[in-house]
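Have a look at the structure below before the remarks.
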Amino acid sequence: MATALQDKVFEQPAQFVADEVETARLRLRMFTPEDLDALAAIAADPEVMRYIGAGKPLVREEVKYNLATIINGFRRRGFGRWAVVRKDSGAFVGYCGLTRGQEEVGVEIAYMLARDEWGKGLATEAARACLRYGFEKLGCDSIAALTRHENMRSRRVMERIGMRYVRDGHYYGFDCVCYAISREEWSLDGSIYRVTR
């Protein structure tokens, strides 16, 4: 089944064109099958995967399935997780974007960056752009984020982009904290932001 899904997703129709977002240092674009090797390298790092999914590195076939799911979901909804690329080097450094998961949570922001890109403010920069896209382009009323309780690095990103702690919960099989921000609570911050298609 996974192979059938991958084959179907990787045949992208020519008429589908996704928005891209540009920030001061980053370009957020739709994933392509050619991103598999770079994504697999990041997902093989135990530290990167410590609080994502089952908390273990992923093998290439798992990443291939996840990539197919990301592309398929983006095409179906018109939004999703973007590939994050550094503008200065063109290097693929991870993902950030919006998705729909748990019904009670609604639209969620999700991000994952290569470990050598941590501590540079890139997750915050990408996440701010995704919030703006969600409120301005998608018309979201609120956007949430989930992480494990002990993932303080991710929680700090959520707080820096203006999200507030909402509740503890059990999501995707794990005990998590839920943060959120409403359209009324969100405000422009002057960051560089440009949407292209």
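The values are calculated or read from the model by the stated rules, or taken from the named source; none is laboratory data. Bear in mind the structure is a predicted one, so any value in this text is a computation, not a measurement. For neighbour counting, all protein chains shown are included, and Cβ atoms are generated from backbone atoms with ideal geometry for every residue, glycine included.
For the reader, a short list of remarks on this structure follows.
- Of the helices (runs of 4 or more DSSP H) lying entirely inside the range 16-81, those containing at least 2 residues that are modelled with pLDDT of 95 or more and small (Gly, Ala, Ser) are 36-43.
- When the test is whether a residue is touching a Phe, Trp or Tyr at 6+ places or on another chain (Cβ under 7 Å) and surrounded by 18 or more Cβ atoms within 10 Å (Cβ to Cβ), residue 111 passes it.
- Evaluation of residue 187 against (1) farther than 26 Å from residue 31 by Cα; (2) in contact with a Cys (Cβ under 6 Å, 6 or more places away or on another chain) (one fails), failing number: (2)
- In summary, strands (runs of 3 or more DSSP E) completely within the range 116-197 and bearing 3 or more residues that are in contact (Cβ under 8 Å) with a residue 24 or more places away in the chain and over 17 Å from the mean Cα position of the chain (by Cα) occur at 174-182.
- Selection over the range 82-108 of residues that are in a loop (DSSP other than H, G, I, E, B) and not polar (S, T, N, Q) gives a count of 9.
- The single residue among 99, 69 that is free of Cβ contacts under 8 Å to residues at least 60 places away in the same chain and among the polar types (S, T, N, Q) turns out to be 99.
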